[in-house]
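A short write-up of the structure that comes next.
The values are calculated or read from the model by the stated rules, or taken from the named source; none is laboratory data. Keep in mind the model is a prediction, meaning the values are calculated, not measured. As a convention, Cβ positions derive from the backbone with ideal geometry for all residues, glycine included, and neighbour counts pool all protein chains shown.
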């Protein structure tokens, strides 16, 4: 028995030596190919933003697949390496550290939760690894927490507030109540909303903080009824907003107050049913925008991910896709994976409206590293063309009209000299 | 008097929330009591109950039938878990803890594989959907139904434990399992039944809470932490201790949600710290030999 087991172990060891990870290295050497370019996908698969993290990962994977089909980047095949950041900043740090130091990731992409994004970017800056924050929209990300290596792809809370607040005050009234997720995105977004409301002659009658992972909103809904504001501006995200939406509908409070959700991510509303889509909210993209390329993009999504639960792509997937695509384009243009060369290609980068399937051209602000882009105001679609057509786009606002004016003052990018040179 | 009028809806809401917390905690307590195992998979079984009910309702089964059948199926699943746990009895409690932790991860991943990662909805019966006006404030009808269901389940469980011979065996097993075995009661079968009952109760709680919390693979985490806290607060093994602790937690969470909202989730932990500081064995926990 002992001999048999030893023999089996020897066979296993021999098999591993022949077919294990070394095979890959040998194959490169034999074929004269270059080492693959590893891109670390720092995306949540669990926790408050697990659904959005999964969605943005699919977007990044699609862009990577497209480049690999064309032969990769700089003659190197692209390998995506994903680790779950668990919607937890500490996990984000750990994953980033591991991807950079052990897995030799050339770039890091992905974040929804601003705390996680901030944690990843601190590690990335320490090593000089370029990091794309794809979907975290706290104004602090391109403000006080900006970094030379970090680029922020989503519209932020201030951009969305600019797009929505004035119209909502005109339509619904001046007494506003803020419902704020109790972490950095909620705080900074509600702060931006408060400033805009007060600057336009409105009044914040109360601000209710919603701890992360709140599942029962009944006490908040009772309190709101007692306060009786004209407008409720919610900066609540992920699974929390799903629970809130369901409970608002159950109590029919969607009919009693004007609701504004600063930004509504597609995975947080998809599948909840049309009733749960109430109020006015911001987004950066919708799958039925009447623009060139949108239909083809949707078809590509459905072909690549047949039978997927979210049948049509949303803003989170879109951000994951366009961010990854733009990074790989920049690497090609730089002719190098050197971080400083790539950063130079990204700073001030102009991106055409047609290329991005939005109404207006976009650009990366060199002072803050945030993508300035079209912001859409949307509401429930009472005349859907098909089952998934749940948003009605009410207006599109040009990026220059929603600029976060405070960001350049708050953002102090590290100098090039202070940023370590990094290349994989 | 205005302040009282304003406070009252939040107090009632807190009691209602507390009853739901107690419902989650009772199944957990039953298993801790008899098996002396902290079942970390309790939350995942709670989630599984909601998912199984959604599937049954997808097969055109009524809410009532799903409410009855899903806990039975999850209870049967719990029996399988108990069979795996048997090798850990009598050993370092860490083994049981690790096994149930592993089971929690496996169940959650199974849920992802079978039902996907996205949000699901458990459709509320028409008669319980919508809102009702209570004291000039709109309140969810389903919340009232959920509270009544929780009271019903708590009373049924109490009657079962207090008025039936099986209940007597379970209580005896919780008190001294070796003595129960010496009296000729089939202890492995008793443990199997208790585990099934505990997991079925987790499933019931999952079904009741699904329309309020939403259904997602990791929803169990939101249940297992308060459940653990409540049985410690109530005193491990105390039925009414768990109910009272659940209501206390509900009231504290409800009131802080309304008046100091940023403290609402933290408040239950502060309550635990405050109570355990003065009464380490919880509200109705029995004194240990060392304390006598």
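For region A:62-81, a residue qualifies if it is free of Cβ contacts under 8 Å to residues at least 60 places away in the same chain and either part of a loop (DSSP other than H, G, I, E, B) or in contact with a helix residue (DSSP H, G or I) (Cβ under 8 Å, 6 or more places away or on another chain) (or both), and the qualifying residues are A:70, A:71, A:72, A:75, A:77, A:80, A:81. For region A:213-246, the tally of residues that are within 21 Å of residue B:226 (Cβ to Cβ) and facing chain B (nearest Cβ under 7 Å) stands at 12. Scanning region B:114-159 for residues that are surrounded by 18 or more Cβ atoms within 10 Å (Cβ to Cβ), more than 17 Å from residue A:247 (Cβ to Cβ) and facing chain A (nearest Cβ under 10 Å) returns B:115, B:117, B:118. Residues of region A:170-186 that are in a helix (DSSP H, G or I), surrounded by fewer than 20 Cβ atoms within 10 Å (Cβ to Cβ) and touching a residue at least 40 places away in the same chain (Cβ under 8 Å): A:171, A:172. Among the helices (runs of 4 or more DSSP H) confined to region B:126-234, the ones with at least 3 residues that are at negative phi, out of contact with any strand residue (DSSP E or B) (no Cβ under 6 Å at 6 or more places or on another chain) and touching a residue at least 40 places away in the same chain (Cβ under 8 Å) are located at B:141-163, B:165-175, B:187-213, B:219-234. Among the residues of region B:261-287, write down those that are within 14 Å of chain A (Cβ to nearest Cβ) and within 11 Å of residue B:233 (Cβ to Cβ). Selection gives B:268, B:269.
Looking at residue B:205, is it away from chain A (no Cβ under 14 Å), at pLDDT 90 or above and under 14 Å from the mean Cα position of the chain (by Cα)?
Spelling it out, it is not the case that residue B:205 is away from chain A (no Cβ under 14 Å), at pLDDT 90 or above and under 14 Å from the mean Cα position of the chain (by Cα).
Residue under question is residue A:316, and the condition is that it be more than 14 Å from chain B (Cβ to nearest Cβ), at pLDDT 95 or above and assigned to a helix (DSSP H, G or I); does it hold? Criteria not met by residue A:316. Could you check, for region A:269-276, whether at least one of its residues is out of contact with any strand residue (DSSP E or B) (no Cβ under 6 Å at 6 or more places or on another chain), more than 14 Å from every other protein chain (Cβ to nearest Cβ), part of a loop (DSSP other than H, G, I, E, B) and closer than 25 Å to residue A:138 by Cβ? Checked region A:269-276: no residue is out of contact with any strand residue (DSSP E or B) (no Cβ under 6 Å at 6 or more places or on another chain), more than 14 Å from every other protein chain (Cβ to nearest Cβ), part of a loop (DSSP other than H, G, I, E, B) and closer than 25 Å to residue A:138 by Cβ. Considered as a group, the residues in region A:188-212 that are within 7 Å of another protein chain (Cβ to nearest Cβ) and in contact with a strand residue (DSSP E or B) (Cβ under 7 Å, 6 or more places away or on another chain) include one that is surrounded by the most Cβ atoms within 10 Å (Cβ to Cβ), and that residue is A:210.
Matching residues to (1) within 20 Å of residue A:149 (Cβ to Cβ); (2) out of contact with any strand residue (DSSP E or B) (no Cβ under 7 Å at 6 or more places or on another chain):
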| site | (1), (2) |
| --- | --- |
| A:384 | no, yes |
| A:395 | no, no |
| A:398 | no, yes |
| A:405 | no, yes |
| A:419 | yes, yes |
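Does any residue of region B:123-130 turn out to be within 19 Å of residue B:196 (Cβ to Cβ) and under 21 Å from the mean Cα position of the chain (by Cα)?
No, because not a single residue in region B:123-130 is within 19 Å of residue B:196 (Cβ to Cβ) and under 21 Å from the mean Cα position of the chain (by Cα).
Scanning region A:254-263 for residues that are crowded, with 24+ Cβ neighbours inside 10 Å and either under 22 Å from residue A:311 (Cβ atoms) or in contact (Cβ under 8 Å) with a residue 60 or more places away in the chain (or both) yields A:260, A:262, A:263.
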